[in-house]
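Report on the structure given below.
Derivation of every value follows stated rules applied to the coordinates shown; laboratory data play no part. Since we're looking at a predicted model, the values are computed, not measured. Positions of Cβ are generated from backbone atoms using ideal geometry, with glycine treated the same way; all protein chains shown enter the neighbour counts.
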């Protein structure tokens, strides 16, 4: 697959700090950071073979650090975090080594990412083919003898997707050690001593007034907020028939009714009645879930303004809210409204 028609961009810590941008086969120079003007270029020799190599000239100590790499092809979008380490300056008689070292490192990181992207695309095509084949089988179009083979292949691909999830979540995101903030918990919510387990109390508790506490919605927040970076945490929902999981702004309404939606500072995915999954937008978005998640992964990318949800068991995507701009602290938020034998449990950080 050619990378010539892809949109490529490398940035530093935010989307406004553009190192290099390539759109519709052309370099976009007017958005580039001043310190990188005239120092970067993309090598086009193998671009038709899917190889996108970024070269940085005149490597400097200030170039060390993390870079975000974005690329898009049609409706497919991917991103990765790469790190460039610049060693002590070489002797002036060997300047080419410094330039080569920077180019080589960037190339290896980017090429490996591109390979992963192409591999992912191929796997997605295989999965789509399997789904189509199974659908045809259900309609009786394909002979029955092929059904078992197709189901086995679907199981194999599902396992690969789960492995993908386990690998990229640890590479691109930082695991957050989330515990529940008792001062924010609605009076009907009971929080365990270790502040990780949430259940509904038999009767509302009599608690002192606290401006941080939710008095209308059955919500509780995590103790720690996020103002930058990429973070993820996982929530064991088990067989509960209802739950709310997501993030919210620090300044959300806690005492009175408001619509639960991004405009009011909430990015929440919800289950109700055991079968109905929704993303709580202004108009609730009904979600089609193939496999009921026992554990939900919440992914927050603060700089890009993105909140995503995944089935943490099989790695399947649940929902991603439209991108926005975050400028305030964001907290993990959890909610339950019905008595249930199954508690909501925040998973500890993987070791």
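Of 186, 317, how do they rank once you tally other Cβ atoms within 10 Å and put the fewest first?
Working: 186 22, 317 11.
Lowest count first: 317, 186.
I'd like the FRET efficiency for residue 228 and residue 182, computed as 1/(1 + (r/R0)^6) with the beta carbon distance as r and R0 of 30 Å, rounded to 0.05.
Values: r = 26 Å, r/R0 = 0.87.
The computed FRET efficiency comes out at 0.70.
Can you give the relative contact order of the stretch 168-347 as a percent, counting alpha carbon pairs under 8 Å and 6+ residues apart?
Details: 427 pairs, mean separation 52.2, N = 180.
Result for the stretch 168-347 is 29 percent.
State the extension gain, in nm to one decimal, for the chain segment bounded by residue 289 and residue 320, taking 0.36 nm per residue of separation less the distance between their alpha-carbons. Walk me through the numbers on the way to the answer.
Working: separation 31, 0.36 × 31 = 11.16 nm, distance 1.36 nm.
Gain on stretching residue 289 to residue 320: 9.8 nm.
Could you list 223, 248 so that the one with the fewest beta carbons within 10 Å of its beta carbon is first and the one with the most is last?
Values: 223 15, 248 23.
Taking fewest neighbouring Cβ atoms as first place, the list is 223, 248.
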